[in-house]
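Coordinate-derived values only; no laboratory data. Predicted model, so just to flag it, every value in this text is computed and none were measured. Quick reminder, even Gly has a Cβ in these numbers, built from the backbone with ideal geometry, and neighbours come from all protein chains shown.
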Amino acid sequence: MIAISRRDTFPLAIAILAFAFLGLFLLYPLLNVFGASFLDRTGTHFTLANYARMLSSSFYLGSLSNSLILGALSTLLTIVLGVPLAFCLARLPIPGKSLLLALASLPLVLPSFVAAYALVLLLGRAGVITRFLRDSGIPFTSIYGMTGMTIVFTMTLFPFVVFPALAAFKAIDVSVEEAGQNLGSSRWRTFWTVTLPVVMPAVLAGGLLVFIDVIESFGVPFVLAEDKPILAVEAYKLFVGETGGNPASAGVLGVLLIVCTAIALLIQRYYLGRRRFSTAARRAPPELVVKPWLRRLASVYSWGVVLIALVPFFAIIVISFMEFRGPVMHPNLSLDNFRDLLNQSWRPLINTLTLSTAAAIMAAAIGVPIGFAITRFRSRISDLLDVIAMTPFAVAGTVLAIGLIISFNSGWLVLTGGWLILVIAWVVRKIPFNVRASAAILHQIDPSLEEASINLGVSPLMTFARLTVPLMMGGIIGGMVLTWVTVASELSSTVVLYSGPWATMTVVMFQALESTGAGVASAAATVLIVFTVLPVALIYRLLRRHELGMM
Amino acid sequence: MSRSFGTVRAVDDVSLEIQDGEFFTLLGPSGCGKTTLLRTIAGFADLSAGQIRFGQKRIDTLPPHRRNTGMVFQNYAIFPNLTVGGNVAYGLKARSVPEVQIKERVARVLRLVHLDTYGDRWPHQLSGGQLQRVAIARCLVIEPEVLLLDEPLSNLDAKLRVEMRAEIRELQQQLKITAIYVTHDQEEALAMSDRIAVMRAGKLEQVARPQDIYRAPATPFVAEFMGTTNLLRGTVAGRAGEALRIRVGQQEFCAAGKAGEGESVSFSLRPETIRLLGPGETPPTGWGAFEARLGSVEFLGAITRIELQIGNDTMLRVASLDVLPDELKARGRIAAAYDPRRITVFRG
């Protein structure tokens, strides 16, 4: 007999509710995606024919290799760019460091497909810079394809590497470096033989986040890939294709996507998990004293990288205030784009505001109790809960959306065509962040506070509601705002799931991209940027930057 | 009562009965299971076998928040989001005590711990000692069946620790409340307790009054853990009247105790019970005496710690009041005496 002690009833209740929610809206849809990929046309017999067909097509095999190459290339470049930046921020005197850190975290919350679109407007076939170059007689075609995508991913995802690396550089016990130099190693050699190896696990962990994000990305390749097949985009096209959806083929690509991200995640869990060097720094290492020219170089580099990463967003805001005649931009200031955007309908704007709010509240309501159960009650059940709550991280939005449609298109629970399916998809996608964030806050709260409350006669449930939640409030609000801004610009599952009246701002922008409404698209992008930067700026003090890193 | 902790039993067949109004201390090195035992009483650790009762009432079947124990945590666990008054009122609110009574009882208990005017302060404005008082007041106000204190003084500096331990003891006597106190500090345990339970690796070594624990330790572990002692090993050479003659190297010690001739025993002789004899001085009647070479001398002001070398392999620690190292060094060989009744013999 398994004895369940009274102390476990509360976490057990949380676990059951969490399993029910994630089981229904994550595992069941995923199972259906797997099912679709392994079943024949009649939907009753197991077959590998779908895989055989897809993997023998050089086009779809190309989409797999393109995605992997893109992921690897972007990971490499973010590391090359991010590690020196992290070192500069950790150990060198850079002017305006706190502002720089705040700006460096922005690309993580700003929608990357907006950056991709900005690149198109600047360097695309009819781009501002392209035309200028062509007019000046400099040969330049365009940045579509691998080059453009790699640039955008590097520019928007480098903070994934910078923040963990920065934390690691700061956690180094400086006496280890001093020991290296004391033993006769030069400062330069000490960096390569001591400092860098110690921070490498953190760098690789960040790099894996980049890799996964690239593989799962839908918006950036949709805007920039042109004729290069990319997994997430092809899965979408197969599923919503004009010739009628093909769930089996889409399912195969979806499964391939999950396999790629799952392998990356497993590498992180089992390889990096054992390679964490514990450093016992009592204080952050002091800033290095370096020659003025080196200091200037570091400042220019740091500010340069961060500002260049934000250029596309500035550019698109400026462009949105320009006059457009058809796809051609004219250098006159105008509010026409915004008028056109809202003339179509206010609905998308209202949808974005209300649905994002609903999703943020729901994600916190589910994520915080799971974070609590995982942190405070170590057991096999909470370990399993931990794994399942992290699963959405390995599932591309496109794939989750396809699964949700297959699962809830008919039968006992029909969700397609409504708003709830959008909110559910967003909540599921943001659960890993909400769980991680609340676990991080809980680690700062001494468990004896909760024990003291229970000891004084308050039940565990009421202790959680009256003591733990108020103590976590700052972090919970921070997490909700971050959830809000990221779901407000969520694209990959939204474009699959939205229907008629429930289009959001991202959908409007997406539709404008497909047609030639560059003016409306840039206006929609500006609205999204404002909705992202404003809330984040308002609560910046509440947020810890590492939370941004967990998005 | 026993509690399984994975496969290692943290608290093994501990059976204790604590009297009403008693100050009872669980003492032992870290990891001996004393905190686990305390947390089991509070309900934060599971009991795998056995029972816990308060009087006739069985409480180990109750959830922690129904046990009416008052626990003072090592780090105080003061709620940072509540004022001092809010912290103290917390348990009363959970018991749905009327607002008027809450006010009155909070004020009374704050007066008791000398924090009358601190009700509206926030925890971060308080010192360590004051936080400690809030933690105690918060528990006293709910009038618990038993006060559980988990190393409550370990985060205070040395001087404050001595003050607070007197204050806690005084409060406990004044209110006649039953208290179970966990500590690894033997001096604290001796100073505060009515009875002490010395624990080691989840088992009870001895339960007794402080003076008995110190003077008549039940095991060599207790003898060594309580203060410093000379723990010597020897063979029973015979008897001298009531006393045993125990041979250690070339030296023979007399000791009160029971053991057969030829038996190997160990015995404890406290450093402060050994008296140095001046030149020509004779030991008191009934005392044993020996001569030794002077080893190291450590002058600590009020007392001087001395090592005496007997024969080739036996070293005895002696603590003497008001002796100067120079006087000793001038003497060369030192004569010393001990009271055989102050030697505790352990068989086996």
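Listing for the model above:
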quantity: For A:445-452, mean number of other protein chain Cβ atoms within 10 Å; calculated: 6
quantity: Average partner coverage of B:73-85, which counts Cβ from other chains inside 10 Å; calculated: 4
quantity: Estimated distance in nm for a label pair at A:L99 and B:A237, the labels positioned 7 Å out from Cα along Cα-to-Cβ; calculated: 8.9 nm
quantity: Selection from A:W419, B:M71, A:L92, by position along the positive dipole direction of the protein assembly as shown (Cβ); calculated: A:L92
quantity: Cβ-based charge dipole, the protein assembly as shown, positive-most Cα from A:V485, A:H330, A:A521; calculated: A:H330
quantity: Rounded FRET efficiency, nearest 0.05, which uses the C-beta distance separating B:K258 from B:M315 and R0 of 25 Å; calculated: 0.40
quantity: Long pairs among B:K34/B:K57; A:K430/B:K93; A:K97/A:K291; B:K34/B:K103; A:K97/A:K430, criterion Cα-Cα beyond 25 Å; calculated: A:K430/B:K93; B:K34/B:K103; A:K97/A:K430
quantity: Inter-chain shielding of B:60-70 (mean C-beta neighbours from other protein chains, 10 Å cut-off); calculated: 4
quantity: Hypothetical label at A:V289: residues of the stretch A:78-104 whose amide nitrogen lies under 14 Å (7 Å Cα-Cβ projection); calculated: A:93
quantity: Relative packing of B:110-118, B:217-225, A:155-163, which averages over residues the other C-beta atoms within 10 Å, highest first; calculated: A:155-163, B:217-225, B:110-118
quantity: Size of charge dipole - the stretch A:1-115 - debye, nearest 20, with Cβ of Lys, Arg +1 and Asp, Glu -1, no other charges; calculated: 240 debye
quantity: Span-rule helices in chain A, defined as complete DSSP H runs reaching 18 Å or more along the axis (Cα) with Kyte mean at least 0.0; calculated: A:9-22, A:58-91, A:97-109, A:146-171, A:196-216, A:247-270, A:292-320, A:347-376, A:420-444, A:469-488, A:518-538
quantity: Estimated distance in nm for a label pair at B:R247 and A:S345, the labels positioned 7 Å out from Cα along Cα-to-Cβ; calculated: 10.8 nm
quantity: Inter-label distance for B:R305 and B:A107, nm, one decimal - labels placed 7 Å from Cα along Cα-to-Cβ; calculated: 5.3 nm
quantity: Sites B:Q56 and B:R341, calculated FRET efficiency, Cβ-Cβ separation with R0 35 Å, nearest 0.05; calculated: 0.20
quantity: Calculated FRET efficiency for the pair A:L61/B:K203, C-beta based, R₀ 56 Å, to 0.05; calculated: 0.25
quantity: Distance from the stretch A:140-212 to the stretch B:206-277 (C-alpha centre basis), Å; calculated: 65 Å
quantity: Leading residue at positive end of dipole, the stretch B:230-347 (Cβ point charges), from B:G278, B:S296, B:G262; calculated: B:G262
quantity: Helical mean residue ellipticity (222 nm; -39500 (n - 2.57) per DSSP H run of 4+; nearest 500) of chain A; calculated: -23000 deg cm²/dmol
quantity: Residues whose placed amide H lies under 5 Å from that of B:K203, excluding near-sequence neighbours; calculated: B:D12
quantity: Distance from the stretch B:99-147 to the stretch B:310-330 (C-alpha centre basis), Å; calculated: 51 Å
quantity: Packing-based ranking, highest mean first, of A:396-402, B:80-86 given that Cβ atoms within 10 Å are counted; calculated: A:396-402, B:80-86
quantity: Check: the stretch B:230-347 dipole with +1 on Lys, Arg Cβ and -1 on Asp, Glu Cβ, in debye; calculated: 300 debye
quantity: Nearby aspartates and glutamates by direct alpha-carbon distance to B:K258 (threshold 14 angstrom, same-chain neighbours under 8 apart not counted); calculated: B:E242
quantity: Per principal axis, descending, Cα span of the protein assembly as shown in whole Å; calculated: 119, 69, 63
quantity: Over chain B, relative contact order from alpha-carbon pairs under 8 Å, at least 6 apart, %; calculated: 16 percent
quantity: Helix-only [θ]222 nm of chain B, DSSP H runs n ≥ 4, -39500 (n - 2.57) each, per residue, nearest 500; calculated: -7500 deg cm²/dmol
quantity: Potential lengthening between A:I16 and A:N409 on full extension [0.36 nm per residue; Cα-Cα distance subtracted]; calculated: 138.9 nm
quantity: The protein assembly as shown, dipole about Cα centre (Lys/Arg Cβ +1, Asp/Glu Cβ -1), debye to the nearest 20; calculated: 260 debye
quantity: Separation between Cα centres of the stretch A:55-90 and the stretch B:14-89, rounded to whole Å; calculated: 56 Å
quantity: Peptide ranges A:115-123, A:492-500, A:136-144 listed from the most packed, as the mean C-beta count within 10 angstrom indicates; calculated: A:115-123, A:492-500, A:136-144
quantity: Whichever lysines have a C-alpha closer than 16 Å to that of A:K228, once near sequence neighbours (fewer than 8 apart) are set aside; calculated: A:K237
